[in-house]
Amino acid sequence: RQRVDMPCVYPVSWDIFFRNANAGAPPGTAYQSPPPMGVSLAGLAQAQSLVGAQPNVEKLVEDHLAVQGLSGTRVMGHHNAILDPLGINCVNFDESPVATGFQHVGEKCFLSPTAQQTTINEPLALPARSMAYCQHIGVEFMFINDLDQCQWIRQKFERPGVMQFSLEEKRTLLARMVRSTRFEEFLQRKWSSEKRFGLEGCESLIPALKTIIDKSSNKGVDTVIMGMPHRGRLNVLANVIRKELEQIFCQFDSKLEATDEGSGDVKYHLGMYHRRINRVTDRNITLSLVANPSHLEAVNPVVQGKTKAEQFYCGDTDGNRVMSILLHGDAAFAGQGIVYETFHLSDLPSYTTHGTVHVVANNQIGFTTDPRMARSSPYPTDVARVVNAPIFHVNADDPEAVMYVCTVAAEWRATFHKDVVVDLVCYRRNGHNEMDEPMFTQPLMYKQIKKQKGVLQKYAEKLIAEGAVSRQEYEEEISKYDKICEEAHARSKDEKILHIKHLNYHYVWCAGFFTLDGQPKSMSCPSTGLPEEELTHIGQVASSVPVEDFTIHGGLSRILKGRADMIKNRTVDWALGEYMAFGSLLKEGIHVRLSGQDVERGTFSHRHHVLHDQNVDKRICIPMNHVSPNQALYTVCNSSLSEYGVLGFELGFAMASPNALVLWEAQFGDFHNTAQCIIDQFISPGQAKWVRQNGIVLLLPHGMEGMGPEHSSARPERFLQMCNDDPDFNPVRLSVRQLYDCNWIVVNCSNPANYFHVMRRQILLPFRKPLIVFTPKSLLRHPEAKSNFDQMLPGTHFQRVIPDDGPATQNPSEVKRIVFCTGKVYYELARERKARNMEDSVAITRIEQLSPFPFDLVKAETEKYPNADLVWCQEEHKNQGYYDYVKPRMRTTIDRAKPVWYAGREPAAAPATGNKNTHLLELKRFLDTTFNLDAFKDHI
């Protein structure tokens, strides 16, 4: 109620309502619409009687409710849409209040036949609204907080006649449905007992993808990067990517040799790169389907990274030429967190690909799991709402509706450069695979599926009834494609196709990097050193601010001054060694991209590759981009707090070109464990499975320093366990040949010069391998962990092993013990040896490259000290770290003549203690063991 001494603050219309109600107006008649602007309450009251002046108030109230009904249709209409081809999951809401409705005042009504502004007195007919939002298409978009985007979507669905197709379009759609359907039927006839994860029940996926590609090509896109799970992959390869059918059929041949397809991966995991003419737009288009394993959504960020790289290399800053399409299964889309992580990258400046079209093959089942048990959200696509992506649900048994929403999705992406989701609500005619029996767990669903007429048959009957195509033409289309398949099948029996042939490296890899047969041009690596003047120049850039009127933090001024002093003294620390490696590669035209959590400054505040003006918001300076006038671009970008998604993204980026150094740094080495899927499925076995090289670098801060179990160990034992070199075989090969044969390279550098060299070697090698680097923490500022320019000059290389260069080398026959180690523990051993005055009797050798194992250099070291015991010392626990990997290889080098003693922490479940005193006690114990080996041997 309003106090009588206060001015009226409620609207005039409500004042009239209260007056009418007080005058005894019956319910429903007291409301009066607001007066025109400029008319006062007094004037209105004088001009109208209280109740009698509103003969149509009930109608106005009904109209007002109708307006709300129309808004409800837009918001909730998708729940009433007929989306399920099986008819078992439809929800039929009452027609009221959304049965009738009106457009809001001041908005355009696109359902109106004249498409003109409609007033509140112009009703919108139920059939028109139902066609827009409650038929075979359900649209979720009213959560988008951008009015222009909402209006754009309304125009696409509320205008009359939007889903009218020409005769040519319908015939093309039918032909695509024929190819999609008959391909699966052909495989089923020829290889009925083979798993192929066919597309039956979602055959409209093929015309859906081709429509997206056609429309995008028409908008200027010339490269499409795709990722998908295994269901329907063979069909996509055949009918979208256009892989030769004989190559697909050949892979069903049980006589196919393993050497013909790498180490062997199932055919429905393979990818392809293909450049061809798009017949609809008559434009060249490059299609790339990224190979991926059964971790269904793991490929998502990989595709995004590859897309970003392709955009970067062709200067496509807005995504007008290169785009990505991601296919998903419904259960995986809802259940796997990598989907969210990938969406979360979509608008980040250093990771955006300017819009991805997501297509969900919604089987309405996850293997055997009912959706009601598999997710908490109404739709599997609800995760996409986090980035305000519109979601178009469509009944996959209506090919024309599918074609229309895919057209809108492609246009949305081209217009707004934002993600969009097409949810193809379909079913899975067979079980999880062709050998599976779905009736065990979904009997009612599969009883209905057995009765379900195929979508091709239904659509063909529809077009025949319309007169768009004759039955004879339809049957001729089927016969024509069946003949194509039979001829390809005959050819496949005479052809054995190497994996490399149908995978096809991107042209950037083939142009000047590989020979014609995909082999490296040499098996040698030039010196990775640099002239002193170049080292000095890069050091000067690293210690300067090459932008005028730029105010840096006072603490940073001291850091830059310290760098300048090191340059004068011809020395580098870890950060400066990295700077020189990156800067020199940039100068040589090699793009360098460093990504990860807080990499711009560095987790340990050592890097400072991005300087921030202390007085101007968002004003930054990247000195590395000022090394040389014609240098390549340096990209350094802090990532979202993601490991799985971001590592996958950088892996994809590294796929695009061999002429780039792409690095991902974990905030702490331990954190790679949440990205383990990418490491296990893509990085470690990638070349063996898919015959594709990749030079990604993983920087993993590692070191036992009393910081607890989650900030200590990068788990080197995991990486070493996955190395493919044989511990019982001593290869008589050059070191470069070893690198070519390994699946990845694992190093733990103990000085900045070696880190500098291994970074440069990664690019100067004639091939690409993933590089795992256990990087330091305390060594970043350790006074002894510095290198001299002399270790980085022309003629110098990466040292796989750093021998002892102290007093022990003067009389090697008198040395009692040679201690092998790697990384930071060397400095603790050297300090302890000096404190015990044992520099003459104990030699310490650092193994810098752990895999592939440097058999030749380790053998030379053991032969140098013929009377010495062999000790492996590590700071990690015995069941962790390097011991289990190093011991058998060391024994192979010495023909098992001597034992390899262990000095280090005892076995443990956790990788490190969080108690400082315990940490120091453990350190003292294993140092005692190392330098008092006789007592240790007596003890055991």
Looking at 655, 624, can you tell me which residue is modelled with pLDDT of 95 or more and in the same structural domain as residue 681 (by TED's automatic domain parsing)?
624
Result of the Cβ filter at 9 Å on the range 914-929, keeping first residues that are assigned by TED's automatic domain parsing to the domain that holds residue 876 and farther than 26 Å from residue 818 by Cβ and partners that are among the hydrophobic types (A, V, I, L, M, F, W, C) and not in a helix (DSSP H, G or I), at least 6 apart or interchain, is 914/707; 919/704; 919/707; 919/912
Determine whether residue 648 is touching a Pro at 6+ places or on another chain (Cβ under 7 Å) and at pLDDT 95 or above.
yes
Conditions: (1) in contact (Cβ under 8 Å) with a residue 60 or more places away in the chain; (2) more than 30 Å from residue 783 (Cβ to Cβ); (3) among the polar types (S, T, N, Q). Residue 867 meets all but one. Number of the miss?
(1)
Do we have any residue at all in the range 387-399 that's surrounded by 16 or more Cβ atoms within 10 Å (Cβ to Cβ), part of a helix (DSSP H, G or I), out of contact with any Ser or Thr (no Cβ under 7 Å at 6 or more places or on another chain) and not β-branched (Val, Ile, Thr)?
no
Which of the residues spanning the range 587-596 are under 13 Å from residue 663 (Cβ atoms) and either among the aliphatic types (A, V, I, L, M) or not in a strand (DSSP E or B) (or both)?
590, 592, 594
Residues of the range 604-632 satisfying the condition of being under 21 Å from residue 653 (Cβ atoms) and surrounded by 18 or more Cβ atoms within 10 Å (Cβ to Cβ):
607, 609, 624, 625, 631, 632
Within the range 673-723, the residues that are among the charged types (D, E, K, R) and assigned to a loop (DSSP other than H, G, I, E, B) are 692, 705, 710, 715
Select, from 746, 801, the only residue that is at pLDDT 95 or above, more than 19 Å from residue 698 (Cα to Cα) and in contact with a helix residue (DSSP H, G or I) (Cβ under 6 Å, 6 or more places away or on another chain).
801
The number of residues in the range 772-792 that are within 15 Å of residue 578 (Cα to Cα), out of contact with any Leu (no Cβ under 7 Å at 6 or more places or on another chain) and not basic (Lys, Arg) is 6
Failed criterion for residue 612 (all others in (1) touching a residue at least 60 places away in the same chain (Cβ under 8 Å); (2) touching a helix residue (DSSP H, G or I) at 6+ places or on another chain (Cβ under 6 Å) hold)
(2)
Residue set 675, 714; condition among the small types (Gly, Ala, Ser), assigned by TED's automatic domain parsing to the domain that holds residue 655, closer than 22 Å to residue 640 by Cα and crowded, with 20+ Cβ neighbours inside 10 Å; output residue 675
Examine the range 541-548 for a residue that is free of Cβ contacts under 8 Å to residues at least 12 places away in the same chain and either assigned by TED's automatic domain parsing to the domain that holds residue 764 or part of a helix (DSSP H, G or I) (or both), and state whether such a residue exists.
yes
Does at least one position in the range 417-433 carry a residue that is touching a residue at least 40 places away in the same chain (Cβ under 8 Å), of a type outside the set (Ser, Thr, Tyr), surrounded by fewer than 19 Cβ atoms within 10 Å (Cβ to Cβ) and farther than 27 Å from residue 363 by Cβ?
yes
How about the range 421-492: which helices (runs of 4 or more DSSP H) wholly inside it have at least 2 residues that are acidic (Asp, Glu) and in the same structural domain as residue 390 (by TED's automatic domain parsing)?
455-466, 471-492
Among all residue pairs at least 6 apart or on different chains, which show Cβ distances below 7 Å where the first residue, located in the range 554-573, is outside the structural domain of residue 782 (by TED's automatic domain parsing) and of a type outside the set (D, E, K, R) and the second is surrounded by 15 or more Cβ atoms within 10 Å (Cβ to Cβ) and not in a helix (DSSP H, G or I)?
none
Would you be able to say whether some residue in the range 824-834 is surrounded by 17 or more Cβ atoms within 10 Å (Cβ to Cβ), in contact with a Leu (Cβ under 6 Å, 6 or more places away or on another chain) and among the basic types (Lys, Arg)?
yes
Pairs with Cβ under 6 Å, 6+ apart, first in the range 682-704 and farther than 15 Å from residue 648 by Cβ and at pLDDT 90 or above, second among the hydroxyl-bearing types (Ser, Thr, Tyr) and in a loop (DSSP other than H, G, I, E, B):
704/712
Within the range 236-292, can you find the residues that are in a loop (DSSP other than H, G, I, E, B), modelled with pLDDT of 75 or more and at negative phi?
243, 244, 251, 252, 270, 271, 279, 280, 281, 290, 291, 292
Kindly indicate which of 410, 384, 401, 374 is touching a strand residue (DSSP E or B) at 6+ places or on another chain (Cβ under 6 Å), of a type in the set (A, V, I, L, M) and touching a residue at least 60 places away in the same chain (Cβ under 8 Å).
401
What residue, among those in the range 276-313 that are more than 19 Å from residue 197 (Cβ to Cβ) and polar (S, T, N, Q), is surrounded by the fewest Cβ atoms within 10 Å (Cβ to Cβ)?
284
Checking residue 184 against (1) touching a residue at least 60 places away in the same chain (Cβ under 8 Å); (2) closer than 30 Å to residue 284 by Cβ; (3) assigned to a helix (DSSP H, G or I), the condition it does not meet
(1)
Being hydroxyl-bearing (Ser, Thr, Tyr) and closer than 18 Å to residue 780 by Cα is the filter here; which residues of the range 570-618 pass it?
571, 579, 603, 605
Matching residues, the range 133-170, being closer than 21 Å to residue 204 by Cα and small (Gly, Ala, Ser)
138, 166
Report whether or not residue 663 is assigned to a strand (DSSP E or B), crowded, with 20+ Cβ neighbours inside 10 Å and within 17 Å of the chain's Cα centre (by Cα).
yes
Could you run through the range 403-446 and say how many residues are among the hydroxyl-bearing types (Ser, Thr, Tyr) and at pLDDT below 95?
3
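The values are calculated or read from the model by the stated rules, or taken from the named source; none is laboratory data. Note that this is a predicted model, so its numbers are computed, not measured. As a convention, Cβ positions derive from the backbone with ideal geometry for all residues, glycine included, and neighbour counts pool all protein chains shown.
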